[in-house]
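A.B. asks: Can you read through this structure? Questions will come right after.
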Amino acid sequence: MSDEEAEMSDWFRLERSAVLAVDLQGENLPEGACTVENYPDVLSKSQKVLAACRRTGFPIIYTRHWLDPKGIDTPRYESLDDRGRPLHSVAGSTRGEICPEVTPQDGDIVIDKQRFTAFYGTKLDLVLNRMDIEHLIIFGVWTEACLETTVWDALWRDFRITLVKDACGSATETIHKTAMLDMANWLRGGMIIGAEELVKALDGNDYRAWRFEKPFSMPYRTETIDSLYESL
């Protein structure tokens, strides 16, 4: 086994790794209330990642923003309609469901949440601890909101993080890119990788990935956002 193969074997230890797919719901489509730019591409990349991770045997966990139709569990300052109901991600609604392209399969776990982070008020932490998970492969939407807060909460709980950068998205590509750079600056012990490169890695082929070396290694300015993002 080469040094690189040994490193990948350690990084993606089957018995210690899990996938966390964040909020890949219909609300993010163009006709939804929370439209994500280039969302079909995000779903396509997510499909590839999920397929490769299933082949490898990783547990798959989905999160779903899922608000009570009566509005009883929405954030205090959430915008509601004139009858006090949530404007998006309503439990039981078609748009609130996970998109069919990436639909959960038998044995997958779905965690419903009412706040940005998937750890607040949910059983996610209990599930991960019970499964003895140490490493999370994370992707989804929105990069600067539900995804990023979930990443920070995972990091504070000492999980190792692999972010799949092009299987994430937000309202604009620029918001997505700056959020990814923000995370790169402080993603201690983590990796950022593209979907195709992750598939290569899991299939035992040569791959390219960015690894955290020191804090604030991506000191971006407006004119350098694109180039620094491409270097991830």
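The values are calculated or read from the model by the stated rules, or taken from the named source; none is laboratory data. Because the structure is a prediction, the values reported are computed rather than measured. Cβ sites come from the backbone with ideal geometry, for glycine too, and all protein chains shown count toward neighbours.
A.B. asks: Which of the residues that make up region 98-114 are over 21 Å from residue 150 (Cβ atoms) and of a type in the set (S, T, N, Q)?
C.D. replies: Scanning region 98-114 gives a single hit, 105.
A.B. asks: Then there is this: Kindly evaluate residue 84 against the criterion of being surrounded by fewer than 13 Cβ atoms within 10 Å (Cβ to Cβ), closer than 23 Å to residue 124 by Cβ and touching a residue at least 12 places away in the same chain (Cβ under 8 Å). Spell out the reasoning first.
C.D. replies: On the way: surrounded by fewer than 13 Cβ atoms within 10 Å (Cβ to Cβ): yes; closer than 23 Å to residue 124 by Cβ: no; touching a residue at least 12 places away in the same chain (Cβ under 8 Å): yes.
So residue 84 fails the test.
A.B. asks: Look at residue 166 and say whether it is at negative phi and modelled with pLDDT of 95 or more. Let's see the steps before the verdict.
C.D. replies: Details: at negative phi: yes; modelled with pLDDT of 95 or more: yes.
Yes; evaluated as a whole, the condition is true for this residue.
A.B. asks: Another question, then. Against the condition modelled with pLDDT of 95 or more and not in a strand (DSSP E or B), how does residue 45 come out, does it pass?
C.D. replies: Numbers: modelled with pLDDT of 95 or more: yes; not in a strand (DSSP E or B): yes.
Yes.
A.B. asks: Sticking with this structure for a sec: For region 34-41, check the following and say yes or no: at least one residue is of a type in the set (Asp, Glu), assigned to a loop (DSSP other than H, G, I, E, B) and modelled with pLDDT of 95 or more.
C.D. replies: There is at least one residue in region 34-41 that is of a type in the set (Asp, Glu), assigned to a loop (DSSP other than H, G, I, E, B) and modelled with pLDDT of 95 or more.
A.B. asks: Which condition breaks for residue 75 when tested against (1) within 20 Å of the chain's Cα centre (by Cα); (2) surrounded by fewer than 21 Cβ atoms within 10 Å (Cβ to Cβ); (3) over 24 Å from residue 131 (Cα atoms)?
C.D. replies: Going through (1) within 20 Å of the chain's Cα centre (by Cα); (2) surrounded by fewer than 21 Cβ atoms within 10 Å (Cβ to Cβ); (3) over 24 Å from residue 131 (Cα atoms) one by one, residue 75 breaks only (1).
A.B. asks: State all residues of region 87-97 that are of a type outside the set (D, E, K, R), crowded, with 16+ Cβ neighbours inside 10 Å and not in a strand (DSSP E or B); if no residue qualifies, say none. Reasoning before the result, please.
C.D. replies: Within region 87-97, the subset of a type outside the set (D, E, K, R) is 87-94, 96.
Among the residues that remain, those that are also crowded, with 16+ Cβ neighbours inside 10 Å are: 88-91, 93, 96.
Matches in region 87-97: 88, 89, 91, 93, 96.
A.B. asks: Need the failing condition index for residue 89 against (1) among the hydroxyl-bearing types (Ser, Thr, Tyr); (2) under 30 Å from residue 191 (Cβ atoms); (3) free of Cβ contacts under 8 Å to residues at least 12 places away in the same chain, just the number.
C.D. replies: For residue 89, the failing item is (3).
A.B. asks: For region 187-232, which positions are surrounded by fewer than 13 Cβ atoms within 10 Å (Cβ to Cβ) and touching a Leu at 6+ places or on another chain (Cβ under 6 Å)?
C.D. replies: Those that are surrounded by fewer than 13 Cβ atoms within 10 Å (Cβ to Cβ) and touching a Leu at 6+ places or on another chain (Cβ under 6 Å): none in region 187-232.
A.B. asks: Does residue 72 count as under 19 Å from residue 150 (Cβ atoms), of a type in the set (A, V, I, L, M) and either modelled with pLDDT of 85 or more or outside any loop (DSSP other than H, G, I, E, B) (or both)? Write out each step before concluding.
C.D. replies: Working: under 19 Å from residue 150 (Cβ atoms): no; of a type in the set (A, V, I, L, M): yes; either modelled with pLDDT of 85 or more or outside any loop (DSSP other than H, G, I, E, B) (or both): yes.
So residue 72 fails the test.
A.B. asks: Under 8 Å between Cβ atoms, which residue pairs at least 6 apart in sequence (or on different chains) link something in region 124-135 that is touching a residue at least 60 places away in the same chain (Cβ under 8 Å) with a partner that is surrounded by 15 or more Cβ atoms within 10 Å (Cβ to Cβ) and assigned to a loop (DSSP other than H, G, I, E, B)?
C.D. replies: Close Cβ pairs satisfying both conditions: 124/118; 128/159; 131/59; 133/59; 133/159; 134/159; 135/12; 135/159.
A.B. asks: Restricting attention to region 11-53, which residues are surrounded by 19 or more Cβ atoms within 10 Å (Cβ to Cβ) and without any contact (Cβ under 8 Å) to a residue 60 or more places away in the chain?
C.D. replies: 43, 50
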